[in-house]
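S.K.: One structure, as structure tokens, below. Some questions next.
Throughout, read-outs are computed from the coordinates displayed, never taken from laboratory work. Here the structure is a predicted model, which is why all the values come from computation and not from measurement. Virtual Cβ from ideal backbone geometry, glycine too; neighbours counted across all protein chains shown.
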Protein chains: 4
Amino acid sequence: MCRWLAYTGSPVLIHDALYSPAHSLIDQSLHSRLGAEPTNGDGFGVGWYDGESTPGLFRSIEPAWNDDNLRELAGHVRSHMFFTHIRAAIGSPVQQTNCHPFRHGRWLWMHNGFIDRFAMMKRDLVLTVDESLYPEIKGGTDSEVLFHLALTLGLEDDPPAAVARAVGIVEECGRERGVKYPFQGTIATSDGERVWAFRYSSEGKSRSLFFSRDIHTLRELYPDRPILQQLSGDARLIVSEPIGDLPGAWNEVPESSYAVAGGGHDQLLPFTVTHARAS
Amino acid sequence: MCRWLAYTGSPVLIHDALYSPAHSLIDQSLHSRLGAEPTNGDGFGVGWYDGESTPGLFRSIEPAWNDDNLRELAGHVRSHMFFTHIRAAIGSPVQQTNCHPFRHGRWLWMHNGFIDRFAMMKRDLVLTVDESLYPEIKGGTDSEVLFHLALTLGLEDDPPAAVARAVGIVEECGRERGVKYPFQGTIATSDGERVWAFRYSSEGKSRSLFFSRDIHTLRELYPDRPILQQLSGDARLIVSEPIGDLPGAWNEVPESSYAVAGGGHDQLLPFTVTHARAS
Amino acid sequence: MCRWLAYTGSPVLIHDALYSPAHSLIDQSLHSRLGAEPTNGDGFGVGWYDGESTPGLFRSIEPAWNDDNLRELAGHVRSHMFFTHIRAAIGSPVQQTNCHPFRHGRWLWMHNGFIDRFAMMKRDLVLTVDESLYPEIKGGTDSEVLFHLALTLGLEDDPPAAVARAVGIVEECGRERGVKYPFQGTIATSDGERVWAFRYSSEGKSRSLFFSRDIHTLRELYPDRPILQQLSGDARLIVSEPIGDLPGAWNEVPESSYAVAGGGHDQLLPFTVTHARAS
Amino acid sequence: MCRWLAYTGSPVLIHDALYSPAHSLIDQSLHSRLGAEPTNGDGFGVGWYDGESTPGLFRSIEPAWNDDNLRELAGHVRSHMFFTHIRAAIGSPVQQTNCHPFRHGRWLWMHNGFIDRFAMMKRDLVLTVDESLYPEIKGGTDSEVLFHLALTLGLEDDPPAAVARAVGIVEECGRERGVKYPFQGTIATSDGERVWAFRYSSEGKSRSLFFSRDIHTLRELYPDRPILQQLSGDARLIVSEPIGDLPGAWNEVPESSYAVAGGGHDQLLPFTVTHARAS
């Protein structure tokens, strides 16, 4: 479907994370190894935090691999926390409003995966979105609706609980219609302070998700890599498939779990869907 | 907001209607005289009928005035019935799914004007759309929602009645929320046999609408214009503002009325909105 | 680099050649098997002949696989002779003026391959183009310069001789600069009556090229395929890699040869480069 | 033709110069008052200096007024020196490589105006460009060729002298072909330290050009404008037509003169074309 990358740590050029590594996300736009599709050429997006009140967004329908503006932006913007996403569309149009990340105030959201039989469920899911949030849905993807469901259910107060409830509603809504495995995917969201990254699927066979090992360990493993010396101790990358050429640099996020990164309190915790209607 | 043109008659190159006349629709994309905005540069669309089962659609987010593909298509496609539309966006994103005309099976739909305070009403209007039609709404415009409302209310069986009911629901929905003049605009729709063109606004000050006088009269007025000799006797143009340089060639569609053209049964009739909920 | 298809025969919907077959050119835009690159997502183009004075052109920088306008055009335009091309850019920008086919009057031209070290040779090659043709070069590709070189050298009078001289100049120009194998590729060109398709490379290891066997043979091989019964006896497809699922349907164009199709005088002939300066 | 703006001074958000003022450059993209064309909707560009080795570039073929990415970038990038340009194309295609500013190393270049009968002169002018610079010409505009002519003639060492020689060659080349007034326009160029802005036309009726009065004077004139208190004493805007609503804020650059701004050594000097071939 898609590939994505989230970074938190000392400010770096987006280019250093997006273009420089071996098997970078830009390479993955043409030749993904672990993705459901090898080509992720149906648009891309970058969201970055800086000193402004809301994060910046740059989204385009061009393939990432040949977008000069993305290369320029990545070569000139430094950020301590950013999301990048490359898209392989499955059904919804290739248009800017369907490109990830999505934004609400200081929150960013991106997703790799899908809601199975979304066209059938969309109306009911959209109706569950709070009326005040409804006009903010600008595109047609399942991912954007899921974001607004999570916002409706308290994302800004308790992200893991809100995502658990949002996915729970998707599962209930799907199963009422005979969909066996309604949700599939990985999700990243942030408020500019921390990044939450979820891995879950109704089937229990989720899209891959990896986070980088702590910098201190990486420095010991690779003492001759200057980039590792420059990064702050709390730097962390979370990716849908490993980038770079450093064996041992990545831990897989297990099935049905989520990672929290940023602010020196990184955690890996189990993720359990909440079936609100059932309760 | 926008400018549009509908043609029915003997097959002509789209170019002859779209580019050739003085003050053509292409000129109007840069310099409209009667439009709410002089520039209509936020995308365009062409829908044309031919021997295939559904009409063709070509829609783009580029300004019409510099789109080479539009020029090529118009110079190579002949049709007996086609719609062209140039857009001036007011609020909704410039993306292909927001470009007119919209299509459902053999039906085309285009609109110049707006639903006032649409963001506030959108959710309720969308809920009124038939569940089976809901997934077909791909963009975010008021015009597309209105089309699906009209389809829900019987457009394919009785276009004037369905449009009257759709606009009626918009007015009721708006007035419940304190919107004084909920609807404004002109609408064209077709099934490939006939074109229906409506002029109506809640305020009674509607966007302009004109239809060409019958070809026999025009031939008498302008005996030295070869194009008028070539067109069939039932050829008719309906436009949001006059094109060409032939004084006396146009009749204005009056306030609160609609025109039917095509198949030799052209009519001009009063248009009265149906307030279904009230009844 | 790229993939292309040329058709000549009884008029068909472009869709039938471009989308319908197994492993169609649209599939090849995502998953080419024989191309130098599996992904050909850097724009596309269609050129088609009809009753108008010049062929129509539709070119876009979007990937072909997700372009709605291409799908619409292909589903509504019938032609007896057309070119389609999907691009994998190598160096020159992704812009409409770099998309194939290129056009000059009634002539179309498309190319899969490259001029090695083109940046180094471009100035000299461009200087060889006739001064009156020079302003027609709108983009930055080697393919477009080669087209204008061939036009300069008599393409409109004797296509094989002009291509032989144009490639000869490229080889001379390259070898003067120490380029071992200056030219690589396959070329298609047409005047609307016939299609010439060339396969040649300085190295003698050219990009692949195939033409369909004659319809009478195919009808015998596949008596249950209605499409083969409908096509005229002189119908012919020339492609950079086979499409469809009919074993035995394709002949490979040999190294250093060219095919002529159209008008019932199909031929396969040797291609020898002319080194004009040497003579 | 086009409209442009150059800023030098203390770092500001690009948004503050590009969107905030009354009659901003964004407004001028829809409704220019002094431009040759009221609409400048054929693409735009931003070039900005920061700590990186070369300035950043963001160029797009969309109209500036509805480009979300431009709005985002302008709202998140702060710079002490930047160029912005909106384009009204006259002849050359609307493509990214034809959008201003153009870049060479640390140098930026933008232009409002034209070389008269450029198609006729282009080949000769391009031949005058240094061979090593020739491959850097990526688009088809007169403005980009003029930039490379100026680079060939020493722009990096002595900008006024190089521009005088480049325009001189254009005039000679044009007059040899019977073009009465070969050059028209205003030009801005920068190395990141200073901005040079030229106003000149062969006819002596040049496109308009204005620079802001010094900040100290403006603070006295408008003591209640906080923005004027925040800007550094050497802040300067140079624009093709005045922005904002501060009467007395602008000085016109006279015919045949150029301004230098940046680094506290602002100057206004006469500009005389050098006819090199004649000497």
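S.K.: Seen from all sides and averaged, what is the projected area of the convex hull of the Cα atoms in region A:120-279, in nm²?
M.R.: Numbers: hull surface 42.6 nm².
Mean orientational projected area (region A:120-279, Cα hull): 10.6 nm².
S.K.: Give the residue from D:L34, D:N251, D:G174 lying farthest towards the positive end of the charge dipole for chain D; charges sit on Cβ (+1 for Lys and Arg, -1 for Asp and Glu) and the dipole is referred to the Cα centre.
M.R.: D:G174
S.K.: Quick one: compute a quarter of the convex hull surface over the Cα atoms of region D:137-180 and quote it in nm².
M.R.: On the way: hull surface 13.2 nm².
Computed as one quarter of the Cα hull surface, the answer is 3.3 nm².
S.K.: Stick to the Cα atoms of region A:60-146, pair each with every other, and give me the Kirkwood hydrodynamic radius in Å at one decimal. Let's see the in-between values first.
M.R.: Details: mean 1/r = 0.0685 Å⁻¹.
That comes to 14.6 Å for region A:60-146.
S.K.: Amide H neighbours of B:W109 under 5 Å, at least 5 residues apart or on other chains, H built in the peptide plane: list them.
M.R.: Residues meeting the amide H criterion: B:F102.
S.K.: Next question. How long are the semi-axes of the ellipsoid equivalent to region A:61-103, from square roots of 5 times the Cα gyration tensor eigenvalues, in whole Å, largest first?
M.R.: On the way: eigenvalues 90, 37, 12 Å².
Ellipsoid semi-axes (Å, largest first): 21, 14, 8.
S.K.: Give me Rg over Rh for region D:1-43, both radii from the alpha carbons and Rh done the Kirkwood way, two decimal places.
M.R.: Values: Rg = 11.1 Å, Rh = 11.1 Å.
With Rg and the Kirkwood Rh in hand, the quotient comes to 1.00.
S.K.: How far is A:Y222 from the same spot in each other copy, in nm, shortest first, if each label point sits 7 Å from Cα toward Cβ?
M.R.: From this label point to the equivalent ones elsewhere in the assembly: 5.1, 5.1, 7.2 nm.
S.K.: Can you give the charge dipole size of the protein assembly as shown about its Cα centre, rounded to the nearest 20 debye, using +1 on the beta carbon of Lys and Arg and -1 on the beta carbon of Asp and Glu? If you can, show how the numbers build up before the last one.
M.R.: Details: 100 positive and 140 negative charges, 1 e Å.
Once rounded to the nearest 20, the dipole reads 0 debye.
S.K.: Return the equivalent ellipsoid semi-axes of region D:92-209 as a descending list in whole Å, where each equals the square root of 5 times an eigenvalue of the C-alpha gyration tensor.
M.R.: Values: eigenvalues 76, 55, 40 Å².
Ellipsoid half-lengths, sorted descending, are 20, 17, 14 Å.
S.K.: How many Å³ per residue does the convex hull of the Cα positions in region B:28-186 occupy? Kindly include the intermediate steps, with their values, before the conclusion.
M.R.: Details: hull volume 19.1 nm³, N = 159.
It comes to 120 Å³ per residue, whole-number rounded.
S.K.: Which FRET efficiency value, to the nearest 0.05, do you get for C:E156 and B:Q267 by plugging their Cβ-Cβ distance into 1/(1 + (r/R0)^6) with R0 = 56 Å? Provide the component values of the computation, followed by the final result.
M.R.: Working: r = 54 Å, r/R0 = 0.96.
Step by step, r from the Cβ atoms, then E = 0.55.
S.K.: GNM, chain D, Cα, under 10 Å: largest mean-square fluctuation among D:V145, D:V179, D:V167?
M.R.: Top of the fluctuation ranking is D:V179.
S.K.: Tell me the mean residue ellipticity at 222 nm calculated for chain A from its helices only (DSSP H runs of n ≥ 4, each -39500 (n - 2.57), averaged over every residue, nearest 500). Walk me through the intermediate numbers first.
M.R.: Values: 8 runs with 73 residues, N = 279.
Mean residue ellipticity, 222 nm, calculated: -7500 deg cm²/dmol.
S.K.: Oh, and also: Using only the C-alpha atoms of region B:121-161, find the volume of their convex hull and express it per residue in Å³. The partial results should precede the final answer.
M.R.: Numbers: hull volume 2.8 nm³, N = 41.
Once divided by residue count, the hull of region B:121-161 is 69 Å³.
S.K.: Shifting gears a bit: Farthest toward the dipole's positive end in region A:138-200, which of A:A161, A:T141, A:G192, given Cβ charges of +1 (Lys, Arg) and -1 (Asp, Glu) about the Cα centre?
M.R.: Farthest towards the positive end: A:T141.
S.K.: Just need the relative contact order of chain D here, percent rounded to a whole number, with Cα pairs under 8 Å and 6+ apart. Could you put the intermediate results ahead of the total?
M.R.: Working: 632 pairs, mean separation 57.2, N = 279.
Relative contact order of chain D: 21 percent.
S.K.: Roughly what % of Cα-Cα distances in region C:29-91 sit above 14 Å, to the whole percent?
M.R.: Details: 1135 of 1953 pairs.
In whole percent, the share of Cα-Cα pairs in region C:29-91 beyond 14 Å is 58.
S.K.: Further, regarding this structure: Kindly give the semi-axes, whole Å and largest first, of the ellipsoid equivalent to chain D, taking each as the square root of 5 times a Cα gyration tensor eigenvalue. Mind dumping the intermediate values first?
M.R.: Values: eigenvalues 170, 80, 64 Å².
The equivalent ellipsoid of chain D has semi-axes of 29, 20, 18 Å.
S.K.: What spacing in nm lies between the two simple spin-label points modelled at B:S20 and C:S20, each 7 Å away from Cα in the Cβ direction?
M.R.: Reported label-point gap for B:S20 and C:S20 is 3.3 nm.
S.K.: Grab the alpha carbons of region C:141-212, take their convex hull, and tell me the volume per residue in Å³.
M.R.: With only Cα atoms used, region C:141-212 gives 93 Å³ per residue.
S.K.: Could you give the radius of gyration (one decimal) and Dmax (whole number) of the Cα atoms in region A:240-279, in Å?
M.R.: Expressed in Å, the Cα Rg and Dmax of region A:240-279 come to 14.6, 47.
S.K.: Taking the Cα centre of region B:32-187 as origin, work out the dipole magnitude from +1 charges on Lys and Arg Cβ and -1 charges on Asp and Glu Cβ, in debye rounded to 20.
M.R.: Details: 15 positive and 21 negative charges, 72 e Å.
Result for region B:32-187 is approximately 340 debye, rounded to the nearest 20.
S.K.: Among D:Q96, D:Q267, D:Q184, which one shows the biggest mean-square fluctuation in a GNM of chain D, springs joining Cα atoms closer than 10 Å?
M.R.: Fluctuation is largest for D:Q267.
S.K.: Once both labels are modelled 7 Å past Cα along the beta-carbon direction, what's the B:E37-B:R219 spacing in nm?
M.R.: Once both label points are built, they end up 4.2 nm from each other.
S.K.: Please give the charge dipole size of region A:123-206, origin at the Cα centre, charges +1 on K and R Cβ atoms and -1 on D and E Cβ atoms. Round to the nearest 20 debye. Please report the intermediate quantities before stating the final value.
M.R.: Working: 9 positive and 15 negative charges, 101 e Å.
Here region A:123-206 has a charge dipole of around 480 debye.
S.K.: Would you report the distance distribution of C-alpha pairs in the protein assembly as shown as whole percents per 10 angstrom bin, up to the bin with the largest distance?
M.R.: 2, 10, 17, 21, 22, 18, 9, 2, 0, 0
S.K.: Pairwise over distinct Cα atoms, reciprocal of the mean inverse distance: report the Kirkwood radius of region A:194-279 in Å, one decimal place. Don't skip to the end; give the middle numbers.
M.R.: On the way: mean 1/r = 0.0701 Å⁻¹.
Computed over Cα pairs of region A:194-279, the Kirkwood hydrodynamic radius comes out at 14.3 Å.
S.K.: Using the Kirkwood radius over C-alpha pairs as Rh, can you work out the diffusion coefficient of region B:10-114 via Stokes-Einstein at 4 °C, viscosity 1.567 mPa s, in µm² per second? Present the calculation step by step, with values, prior to reporting the outcome.
M.R.: Working: Rh = 13.9 Å.
Answer, rounded: 93 µm²/s.
S.K.: Could you run the Karplus curve 6.51 cos²θ - 1.76 cosθ + 1.60 with θ = phi - 60° over region A:248-265 and give me ³J(HN,Hα) per residue in whole Hz, x for Gly and Pro?
M.R.: x, 7, 10, 10, 7, 6, x, 3, 6, 8, 9, 10, 10, 9, x, x, x, 10
S.K.: Relative contact order for region B:99-150: what is it in percent, counting Cα pairs under 8 Å that are at least 6 residues apart?
M.R.: Numbers: 37 pairs, mean separation 18.1, N = 52.
Here the relative contact order equals 35 percent.
S.K.: Same structure again: Which whole-number percentage describes the relative contact order of region B:8-92, with Cα contacts under 8 Å and a sequence gap of 6 or more? Spell out each step's value before the answer.
M.R.: Numbers: 146 pairs, mean separation 33.8, N = 85.
Rounded, it is 40 percent for region B:8-92.
S.K.: Please identify every one of the trypsin sites (Lys or Arg not before Pro) in region B:18-110 that sits in a loop by DSSP and has no more than 13 other beta carbons within 10 Å of its own beta carbon.
M.R.: Numbers: sites: B:R33, B:R59, B:R71, B:R78, B:R87, B:R103, B:R106; in loops: B:R33, B:R106.
Sparse-neighbourhood loop trypsin sites (Lys or Arg not before Pro): B:R33.
S.K.: Taking springs between alpha-carbon atoms closer than 10 angstrom, which of C:S132, C:S92, C:S256 fluctuates most in the Gaussian network model of chain C?
M.R.: Comparing C:S132, C:S92, C:S256 in the GNM, the peak value goes to C:S132.
S.K.: Give the separation of the Cα centroids, region B:176-216 to region C:243-277, in Å.
M.R.: Between the Cα centres of region B:176-216 and region C:243-277 lies a distance of 58 Å.
S.K.: So, one more: Distance from the Cα centre of region A:130-171 to that of region C:92-161, in angstrom?
M.R.: The two parts, judged by their Cα centres, are 53 Å apart.
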